[in-house]
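Everything on this sheet refers to the single structure shown next.
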Amino acid sequence: MIENLASIEEMTAALWIVLIISAFFTGMAKTGVFGLGTLAAPLLASAFGGKISAGLLLPMLSMADIVAVLYYNRHASWKHLWKLFPFAAAGVIIALWVGEIINDSTFKVIMAVVILGGLPIMVIRENLKNVKPLQGNWLWGSIFGITGGFSTMIGNAAGPVMSLYLLAMQLPKNVLIGTAAWFFLVINLFKIPFHIFVWQTITLESFTLNLMMLPVIIAGGITGIRIVRLIPEKPFRWLVIIMTVLASFRLIWSIF
């Protein structure tokens, strides 16, 4: 692990491998293979350190979001998005304010417990016939919006939260992916100035590495699209549930 990235020349072969794998997984995750994205954060943190990894990951997430939006744009459910955006922005601002106070490890455990606690409901709903989806009203939008915005600012960890919300709405496969893609694109772009000017986790050197990873991210995105095409609707929903469980356990595991 390196403590600061003074120049690209100090990148070793091992660091390049970790960066490439993380970029590829990020691209796949954003185009439908949910869960793989949760592997990128600990991989980068173990190789580069916490501060550098945060600066490396966010622009890659945004690039992958653009790939996902370009393909799934027509499938997004904007009536759900408009109920999420204002509260997600509030969650980001709250996280910015308390980011230096909250114990990140404790937060991760609490969030994982909340997600895992809600998943049995999702499993039961998937096995019931003719079950009605939860209403995408302002109450649910506020709860999941604030939680998603807060968790994505603290540790780029909003994937499981949003998967739980979108599954509860029982959106079709492509609509689920398209809605998630637009949500994260807008929120991640909203976060970037705070990372540059407040937390100072994005630098010219880190962004140069991000640009070098763009072809890898695109390749990962195309791979994710092709995999999702092969998965029928019902198995896809179960895949999201399973990957959300794994992502939640990863949040807990990452504190040890």
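The values are calculated or read from the model by the stated rules, or taken from the named source; none is laboratory data. None of these values were measured; they are calculated from a predicted model. Cβ sites come from the backbone with ideal geometry, for glycine too, and all protein chains shown count toward neighbours.
Scan segment 223-240 residue by residue and report those that are buried (at least 18 other Cβ atoms within 10 Å of the Cβ) and either modelled with pLDDT under 85 or in contact with a Pro (Cβ under 9 Å, 6 or more places away or on another chain) (or both). Passing the criteria: F236, R237, L239, V240. The condition of being over 23 Å from A219 (Cβ atoms), under 14 Å from the mean Cα position of the chain (by Cα) and of a type outside the set (D, E) holds for only one of A64, A54, A41, that being A54. The residue list I101, I17, I94 contains one member that is outside any helix (DSSP H, G or I), surrounded by fewer than 17 Cβ atoms within 10 Å (Cβ to Cβ) and not polar (S, T, N, Q), which is I101. Regarding segment 174-190, can at least one residue be identified that is touching a residue at least 40 places away in the same chain (Cβ under 8 Å), over 21 Å from P59 (Cα atoms) and of a type in the set (V, I, T)? Scanning segment 174-190 turns up at least one residue that is touching a residue at least 40 places away in the same chain (Cβ under 8 Å), over 21 Å from P59 (Cα atoms) and of a type in the set (V, I, T). If the condition is being farther than 17 Å from W140 by Cβ and either in a helix (DSSP H, G or I) or of a type in the set (D, E) (or both), then segment 157-186 contributes G159, K173, N174, I177, G178, A181, W182, F184, L185, V186.
Apart from one condition, F150 fits all of (1) touching a residue at least 40 places away in the same chain (Cβ under 8 Å); (2) within 23 Å of Y71 (Cβ to Cβ); (3) assigned to a helix (DSSP H, G or I); the exception is (2). Within segment 226-245, being touching a helix residue (DSSP H, G or I) at 6+ places or on another chain (Cβ under 8 Å) and among the β-branched types (V, I, T) holds for I227, V228, I231, V240, I241, T244, V245. Looking across segment 168-182 at every residue that is modelled with pLDDT under 90 and over 15 Å from the mean Cα position of the chain (by Cα), the one that is surrounded by the most Cβ atoms within 10 Å (Cβ to Cβ) is identified as L171. G32 passes every criterion in (1) at pLDDT 80 or above; (2) of a type outside the set (D, E); (3) not in a loop (DSSP other than H, G, I, E, B) apart from (3). Close Cβ contacts (under 6 Å, 6 or more residues apart or on different chains) running from residues in segment 56-76 that are closer than 12 Å to A29 by Cβ to residues that are surrounded by 24 or more Cβ atoms within 10 Å (Cβ to Cβ) and aromatic (F, W, Y) comprise D65/F184.
So that you can scan it fast, the table gives a plain yes or no per residue for (1) polar (S, T, N, Q); (2) modelled with pLDDT under 65; (3) under 20 Å from H195 (Cβ atoms):
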| position | (1), (2), (3) |
| --- | --- |
| S53 | yes, no, yes |
| W78 | no, no, no |
| K83 | no, no, no |
| S105 | yes, no, no |
| G117 | no, yes, no |
| V131 | no, yes, no |
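For segment 183-222, a residue qualifies if it is of a type in the set (V, I, T), under 12 Å from V67 (Cβ atoms) and either surrounded by 18 or more Cβ atoms within 10 Å (Cβ to Cβ) or within 17 Å of the chain's Cα centre (by Cα) (or both), and the qualifying residues are V216, I217, I218.
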